[in-house]
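Presented below is the structure to which this report refers.
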Amino acid sequence: MVAAVFHFPTEAEASARSTTVNHPAEPLPAAAAPVRAPRDWSGLWLRVLPPMLGFGLLLLVWELVAKSSGGNFPGPGETWQQAVDVFSHPFYRNGPNDQGVGWNVLSSLQRVALGFGLAALVGIPAGFAIGRSVFLARMFNPLISLLRPVSPLAWLPIGLLVFKGANPAAIWTIFICSIWPMVINTAVGVQRVPQDYMNVARVLSLSEWKIVTKILFPAVLPYMLTGVRLAVGTAWLVIVAAEMLTGGVGIGFWVWDEWNNLNVKNIIIAIFVIGIVGLVLEYALVRLATAFTFEEVRS
């Protein structure tokens, strides 16, 4: 029985094993070093070269216009020297109507933040309500269609009449021009939520609060952020025009004040400042929206 289970090797097998064990193992061949693919610089050039050409074309046209104006319009070099002087002391104060560009930008951003924040507090819940209720949608859609095309500056006299002050009137103008994109995009996002989601919520007998927080809000967030991005761009455009009419401290008032002083260099600097601040706001909100946007909504 034991012999049937265990196999005892013969002398030939034992000698073969000892021979195999005594021979040292041959070293493995060294692994070949990975070959790095050459870098493709074409993508970098396509990202860098076109913007450089665009800015170069802008400077060329600017210089030609300055030379053809006979010295009435400053060129890029003169404007750059003035910009260095302006930004060397951006936060000086020489009275209520003579302040640095930094204070003017901060004042404008403060007005935009207040008006935009109030518009978000009202517009986003209103968009959810309109998107959820067919009755409310039919009730408010004609009003939104009627009031949305009105120029924001047309609301400024109403704000001056009601609030009796330039600063609250400017905030009111920001509010009324920022609310429509948020209401419309939020309502469209609610209406595009798949009906299967709502059927599941009905089967589970979820409360309205849980439907809004667990189903609607995650699905509507990309649309809502798109409305926020459009609204903040519009608000920054409008505040400049509103400050030109209302006065006080702000980037729009600074442009108008420099025009009264016939300081064209500072007007050009203000134009670039307005564009850069608007670009930063737009880029920040685009990055925020991209982080919460699904592929089907992006396309």
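Report, ordered by the first and then the second residue, all pairs with beta carbons closer than 9 Å, sequence separation of six or more or different chains, a first member in segment 198-214 that is closer than 16 Å to Ala129 by Cβ, and a second member that is at pLDDT 80 or above and hydroxyl-bearing (Ser, Thr, Tyr).
Hits for this filter: Ile211/Tyr197.
Mind telling me which of the residues Leu58, Leu44, Leu64 ends up being closer than 19 Å to Asn266 by Cα and outside any loop (DSSP other than H, G, I, E, B)?
Just one listed residue meets the conditions, Leu58.
If you check Gln82 against the conditions, is it open to solvent by 70 Å² or more (accessible area, probe 1.4 Å) and either within 27 Å of Ala289 (Cβ to Cβ) or out of contact with any strand residue (DSSP E or B) (no Cβ under 9 Å at 6 or more places or on another chain) (or both)?
So Gln82 does not fit the description; no.
Are any of the residues in segment 192-201 surrounded by 12 or more Cβ atoms within 10 Å (Cβ to Cβ), at pLDDT 85 or above and either over 30 Å from Val240 (Cα atoms) or β-branched (Val, Ile, Thr) (or both)?
Of the residues in segment 192-201, the ones surrounded by 12 or more Cβ atoms within 10 Å (Cβ to Cβ) are 192-193, 197-198, 200-201.
Narrowing the set further to residues that are at pLDDT 85 or above leaves 192-193.
Among the residues that remain, those that are also either over 30 Å from Val240 (Cα atoms) or β-branched (Val, Ile, Thr) (or both) are: 192-193.
Yes, that holds for at least one residue.
Do any helices (runs of 4 or more DSSP H) lying entirely in segment 75-158 carry at least 3 residues that are of a type outside the set (Phe, Trp, Tyr) and touching a Lys or Arg at 6+ places or on another chain (Cβ under 8 Å), and which ones are they?
76-88
Has segment 47-69 got at least one residue that is free of Cβ contacts under 8 Å to residues at least 40 places away in the same chain, surrounded by 15 or more Cβ atoms within 10 Å (Cβ to Cβ) and more than 29 Å from Ile176 (Cα to Cα)?
Among the residues of segment 47-69, at least one is free of Cβ contacts under 8 Å to residues at least 40 places away in the same chain, surrounded by 15 or more Cβ atoms within 10 Å (Cβ to Cβ) and more than 29 Å from Ile176 (Cα to Cα), which makes the answer yes.
Can you list the helices (runs of 4 or more DSSP H) lying wholly within segment 164-260 that have 1 or more residues being among the basic types (Lys, Arg) and closer than 22 Å to Ile124 by Cβ? First the steps, then the outcome.
On the way: elements: 166-191, 195-203, 217-246, 251-260.
Where helices (runs of 4 or more DSSP H) fall fully within segment 164-260 and carry at least 1 residues being among the basic types (Lys, Arg) and closer than 22 Å to Ile124 by Cβ, they are 217-246.
Can you find, within segment 265-274, the residue that is nearest to the chain's Cα centre (by Cα) among those that are open to solvent by less than 40 Å² (accessible area, probe 1.4 Å) and of a type outside the set (S, T, N, Q)?
By that ranking, first place goes to Ile274.
On the basis of being over 24 Å from Pro152 (Cβ atoms) and under 19 Å from the mean Cα position of the chain (by Cα), does Thr290 make the cut?
Working: over 24 Å from Pro152 (Cβ atoms): yes; under 19 Å from the mean Cα position of the chain (by Cα): yes.
Answer is yes for this residue.
Find the residue count for segment 75-96, including only residues that are among the polar types (S, T, N, Q) and within 10 Å of Ile269 (Cα to Cα).
Residues of segment 75-96 that are among the polar types (S, T, N, Q), as a first pass: 79, 81-82, 88, 94.
Imposing the further condition that a residue be within 10 Å of Ile269 (Cα to Cα) reduces the set to 79, 82.
Selection size over segment 75-96: 2.
Taking Trp103, is it at pLDDT 90 or above and surrounded by fewer than 17 Cβ atoms within 10 Å (Cβ to Cβ)?
In short, no.
Taking the options Val162, Val134, name whichever one is loosely packed, with under 14 Cβ neighbours inside 10 Å, more than 26 Å from the chain's Cα centre (by Cα) and closer than 25 Å to Gly248 by Cα.
On the way: Val134 fails: closer than 25 Å to Gly248 by Cα.
After applying the criteria, what remains is Val162.
With Gly233, Gly247 as the choices, which residue is modelled with pLDDT under 85 and open to solvent by 10 Å² or more (accessible area, probe 1.4 Å)?
Gly247
Let me spell it out: the conditions are (1) closer than 13 Å to Ser108 by Cβ; (2) open to solvent by less than 30 Å² (accessible area, probe 1.4 Å), and Glu258 meets all of them except one. Which number is the exception?
(1)
The values are calculated or read from the model by the stated rules, or taken from the named source; none is laboratory data. Keep in mind it's a predicted model, so treat the numbers as computed, not measured. Methodologically, a virtual Cβ is constructed for each residue, glycine included, from the backbone with ideal geometry; neighbour enumeration extends over all protein chains shown. For accessibility, only protein heavy atoms count, side chains too; no ligands or nucleic acids. Shrake-Rupley method; radii C 1.70, N 1.55, O 1.52, S 1.80 Å.
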